[in-house]
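Participant: The structure under discussion is supplied below as structure tokens; questions concerning it will follow.
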Amino acid sequence: MEILKIIGGFVLSLIISLVSIPSIVTVAKTKKLCELPQGRHIHKGVIPTLGGGAIFGAFFIPIFIFVDDVNSQFLHAFTASSLVLFFIGIKDDILIIAPKTKLCGQILAAIIICVIGDIRITSLQGFLGIQQIPYFVSIIISIVMVVGVVNAFNLIDGIDGLAGLLAVSSSILFSIWFYFENNFTICISTACFVGAILGFLRFNLFSEKNKLFMGDTGSQLVGLYSIVLAILFIEANSNTDVNNMVLGSPIVAFAVLSVPIFDVLRVMFIRLVLKRSIFSPDNNHIHYRLLKLDFTHKQTDIILVLFNIIFAIFVWWLSDYFYINRLALIVILLLMVLFHIPQYFISRKINKLKKR
């Protein structure tokens, strides 16, 4: 029965997304609610930015049809938090709002999740020798994580499809584990989430007439869902009564979200080294570096999503053999090396051009 609900949620969300987007594109173009190519933007033409609205509707409508646990604390907190980001994102996609205003909205959404919803990190499971965390420290760490990952997905949304595909792959990886723990509320929610995003990607990646971007509304929503699943995954593995305990779950969760999180941390570090503001835009993100190597948008998506999946599964496997601190060191060193590879080939390409 639960399998049928998972399938039903996926199919209905996919249909809603596919049916609603052409109408949204028409309205956006009629009302000139579109993004013009300028600055660092690499797209051509006038593209609507209201894809997040379609994702939002296609995601939540099936959830409240197929999820039986209407009293779920997870659903209540996530829905309220998502509404905050939805209104902030829609306004930013249409009118552009000040970064401070957007940050305040993200912090409010994080407070709803972490304080009211009580979805927070309570233990680091031995990372840096830390086990249980005091309540106030737990709240601060969790809010920083939520705001950080929401912005990481917002920043990784620099080329068609990337943020959506990364969110789909990470949410499926987490939900496979929750399925074997019989948490069907999360599984059904993820099915609706995946269906909504795949419907959006049909137009974002493969349509010229009805092409649109997810905008801040969409990127913030997919970031929020991804980090909430990560926190729930970490917290579930803090209990000894789970059937399929993942040792070092905080590091495994980091690996599942490694591309958006590590890319943002790496870019911020580069800006600090260059004595620039960490908020100043540039082309140092990993997807821009792959584009410099003449990969197309779709090829870049495939490379980064496959890397994210393979790396996450590899770290998940390693977690059975290494304690959490050693596992964290291995993960960071691997990511530093692997993320440097595109720059290595860019440097070689530049040197070859100089010699001509």
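Participant: Count, please, the residues in the stretch 316-333 that happen to be open to solvent by 60 Å² or more (accessible area, probe 1.4 Å) and without any contact (Cβ under 8 Å) to a residue 60 or more places away in the chain.
Facilitator: 6
Participant: For the stretch 128-155: of the residues being among the polar types (S, T, N, Q) and in contact (Cβ under 8 Å) with a residue 60 or more places away in the chain, which is least open to solvent (accessible area, probe 1.4 Å)?
Facilitator: Per the criteria, the residue is S142.
Participant: Of the residues that sit in the stretch 9-25 and are open to solvent by 60 Å² or more (accessible area, probe 1.4 Å) and over 23 Å from the mean Cα position of the chain (by Cα), which one is farthest from L212 (Cα to Cα)?
Facilitator: Top of the filtered list is V19.
Participant: Is there a residue in the stretch 173-181 that is more than 21 Å from the chain's Cα centre (by Cα) and among the acidic types (D, E)?
Facilitator: Looking for residues that are more than 21 Å from the chain's Cα centre (by Cα) and among the acidic types (D, E), one finds at least one in the stretch 173-181, hence yes.
Participant: When I231 is evaluated against the numbered criteria (1) under 21 Å from the mean Cα position of the chain (by Cα); (2) at pLDDT below 95; (3) of a type outside the set (K, R), which criterion, by number, is the only one it fails?
Facilitator: If we test I231 against (1) under 21 Å from the mean Cα position of the chain (by Cα); (2) at pLDDT below 95; (3) of a type outside the set (K, R), just (2) comes out false.
Participant: I'm told K352 meets every condition in (1) touching a residue at least 60 places away in the same chain (Cβ under 8 Å); (2) surrounded by fewer than 20 Cβ atoms within 10 Å (Cβ to Cβ) except one. Can you identify the failing condition by its number?
Facilitator: The number of the failed condition is (1).
Participant: Could you tell me which residue of the stretch 123-167 is farthest from G215 (Cα to Cα), considering only residues that are assigned to a helix (DSSP H, G or I) and either among the polar types (S, T, N, Q) or in contact with a Gly (Cβ under 7 Å, 6 or more places away or on another chain) (or both)?
Facilitator: Step one: filter the stretch 123-167 for residues assigned to a helix (DSSP H, G or I), giving 127-129, 135-156, 162-167.
Next, only the ones that are either among the polar types (S, T, N, Q) or in contact with a Gly (Cβ under 7 Å, 6 or more places away or on another chain) (or both) stay: 138, 142, 149-154.
Details: S138: 31, S142: 25, V149: 16, V150: 13, N151: 12, A152: 14, F153: 11, N154: 8 Å.
So the residue we want is S138.
Participant: To continue, here is another question. If the requirement is being open to solvent by less than 80 Å² (accessible area, probe 1.4 Å), in contact with a Leu (Cβ under 9 Å, 6 or more places away or on another chain), closer than 27 Å to I188 by Cα and at pLDDT below 95, which of these qualifies: F59, F74?
Facilitator: F74
Participant: If you don't mind, there's one more thing I want to ask. Do you know which residues across the stretch 77-115 are more than 27 Å from G199 (Cβ to Cβ), open to solvent by 30 Å² or more (accessible area, probe 1.4 Å) and either in contact with a strand residue (DSSP E or B) (Cβ under 6 Å, 6 or more places away or on another chain) or free of Cβ contacts under 8 Å to residues at least 40 places away in the same chain (or both)?
Facilitator: The answer is A98, K100, T101, C104, L108, I111, V115.
Participant: Could you figure out which of (1) surrounded by fewer than 22 Cβ atoms within 10 Å (Cβ to Cβ); (2) assigned to a loop (DSSP other than H, G, I, E, B); (3) on the phi < 0 side of the Ramachandran plot isn't true of R120?
Facilitator: (1)
Participant: Right, next: For the stretch 238-251, indicate whether the set of residues that are within 20 Å of F86 (Cα to Cα) and under 17 Å from the mean Cα position of the chain (by Cα) is non-empty.
Facilitator: no
Participant: Among the residues of the stretch 279-302, what is the count of those that are closer than 15 Å to H340 by Cβ, among the hydrophobic types (A, V, I, L, M, F, W, C) and not in a loop (DSSP other than H, G, I, E, B)?
Facilitator: Summing the residues that are closer than 15 Å to H340 by Cβ, among the hydrophobic types (A, V, I, L, M, F, W, C) and not in a loop (DSSP other than H, G, I, E, B) in the stretch 279-302 gives 2.
Participant: Okay, next question. Just one of F87, F66 is among the aromatic types (F, W, Y), at pLDDT below 95 and within 21 Å of the chain's Cα centre (by Cα); which is it?
Facilitator: Only one candidate qualifies: F87.
Participant: Let me ask something additional. Identify the residue in the stretch 165-196 that is of a type in the set (F, W, Y) and within 16 Å of L232 (Cα to Cα) and, among all such residues, is surrounded by the fewest Cβ atoms within 10 Å (Cβ to Cβ).
Facilitator: Selected residue: F180.
Participant: Then there's this: Take P281 and tell me if it is more than 16 Å from A163 (Cα to Cα), within 20 Å of the chain's Cα centre (by Cα), touching a residue at least 24 places away in the same chain (Cβ under 8 Å) and open to solvent by 70 Å² or more (accessible area, probe 1.4 Å).
Facilitator: yes
The values are calculated or read from the model by the stated rules, or taken from the named source; none is laboratory data. Note that the structure is predicted; figures quoted are calculated from it, not measured. Because the Cβ atoms are built from the backbone with ideal geometry, glycine has one as well, and the counts that use them run over all protein chains shown. For the accessible areas, the whole protein counts, side chains as well, though only heavy atoms, and no ligand, DNA or RNA atoms are used. Shrake-Rupley method; radii C 1.70, N 1.55, O 1.52, S 1.80 Å.
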